[in-house]
Amino acid sequence: MNGYRRRQAIESRLAESGDVAVVDLARDLNVSEMTVRRDLEALEGAGVLIRVHGGAVSRAGRSYEPPRVERATRAPAAKEAIGRAAAALVGEGDSAIIDVGTTTLELARALRGKHGLTVVTPSLPVAYELGDEPGIRVLVTGGTLRSGELSLVGPGAEDAFRELNCDVVFLGVAGVAVAEGLTEYSLDDTRVKRAAIRSARRVVALVDATKLGRVALANVCPLSGVDVLVTDAPAANPVVAAMVEAGVEILRAEVAA
């Protein structure tokens, strides 16, 4: 792999996880640690990252939210598998809150064809996906539309959940870390997520492996605030292990090879 391709690979990993370690990059790229350090130096000079002890972190701050269309291209197979696995948690007669996000949208797709469900959502893509399903009643919260994200936020969205008592909420988040718990880019979306959590008996987080260990700007809830984590990450992942210790049930989604 030449230098250009290596640096592209490093940028891609930074976009996914927010940080990189020299030792991991040397192993995965099959080059020396000195070569990796030179690549990191070049990327720092280009303004892509900031070098730290043992590796580097992205220059994109914790409040930087990649565009929705860009996020949709990340780990698509994992998100689809997570959506299918989460759909198995929904039974006839359930009332389910489906949060905004590209992974929760896969859940909505997996629910097509089911009957006797009520779905509450602040996500216009989710509402559109399920709007013509005869067996699913869709309730869309009020609120202000976030341009580009197609999510509904503000007092209208938050107040809608105060009037509801739902069986389960399926959350999509920007990151999950041991100390910080579930985090999100947008303060507005975070407030809506908290309101949704308060109105549900059970909290299910849909999180692909690339988001584990990542920390975004706003705190949604601690690890102990989650009942079930649906993920493609292995049990050995430190965040998964911490969630097990916190009493969270883990449902592993099998990604097709």
ask   = Across the range 175-191, what is the total count of residues that are more than 15 Å from the chain's Cα centre (by Cα) and surrounded by 22 or more Cβ atoms within 10 Å (Cβ to Cβ)?
value = 0
ALA233, sole failed condition from (1) part of a loop (DSSP other than H, G, I, E, B); (2) more than 23 Å from VAL192 (Cβ to Cβ); (3) touching a residue at least 24 places away in the same chain (Cβ under 8 Å); (4) open to solvent by 10 Å² or more (accessible area, probe 1.4 Å) = (4)
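For every residue, the table says whether it meets (1) crowded, with 18+ Cβ neighbours inside 10 Å; (2) assigned to a helix (DSSP H, G or I); (3) in contact (Cβ under 8 Å) with a residue 60 or more places away in the chain.
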residue	(1), (2), (3)
MET1	no, no, no
ARG6	yes, yes, no
LEU25	yes, yes, no
THR35	no, yes, no
GLU41	no, yes, no
query = If you scan the range 161-188, which residues turn out to be modelled with pLDDT of 95 or more and part of a helix (DSSP H, G or I)?
reply = PHE161
request  = Of the conditions (1) over 21 Å from ASP189 (Cα atoms); (2) open to solvent by 10 Å² or more (accessible area, probe 1.4 Å), ILE82 clears all except one; give me its number.
outcome  = (2)
task = Among the candidates THR118, THR144, single out the residue that is open to solvent by 10 Å² or more (accessible area, probe 1.4 Å), farther than 30 Å from VAL239 by Cβ and in contact with a Lys or Arg (Cβ under 9 Å, 6 or more places away or on another chain).
result = THR118
Inter-residue pairs, beta-carbon under 8 Å, first part of a loop (DSSP other than H, G, I, E, B) and in the range 83-100, second polar (S, T, N, Q) and open to solvent by less than 40 Å² (accessible area, probe 1.4 Å), 6+ apart = ASP94/THR118; ASP99/THR121; ASP99/SER123; VAL100/THR121; VAL100/SER123; VAL100/SER151
query = Which one is modelled with the highest pLDDT among residues in the range 147-160 that are open to solvent by less than 70 Å² (accessible area, probe 1.4 Å) and farther than 20 Å from SER199 by Cα?
reply = LEU150
inquiry  = Tell me yes or no: at least one residue of the range 204-215 is open to solvent by 10 Å² or more (accessible area, probe 1.4 Å) and at positive phi.
reply    = yes
ask   = Name the residues in the range 121-136 that are open to solvent by 50 Å² or more (accessible area, probe 1.4 Å) and more than 26 Å from ASP188 (Cα to Cα), would you?
value = ASP132, PRO134
request  = Taking ARG137 as the residue in question, decide whether it is on the phi < 0 side of the Ramachandran plot, of a type in the set (D, E, K, R) and within 20 Å of the chain's Cα centre (by Cα).
outcome  = no
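The values are calculated or read from the model by the stated rules, or taken from the named source; none is laboratory data. All of these numbers come straight from a predicted model, not from anything done at the bench. Using ideal geometry, Cβ is built from the backbone for each residue, glycine included, and neighbour counts are taken over all protein chains shown. Side chains are part of the model used for accessible areas, which takes the heavy atoms of the whole protein and leaves out ligands, DNA and RNA. Shrake-Rupley method; radii C 1.70, N 1.55, O 1.52, S 1.80 Å.
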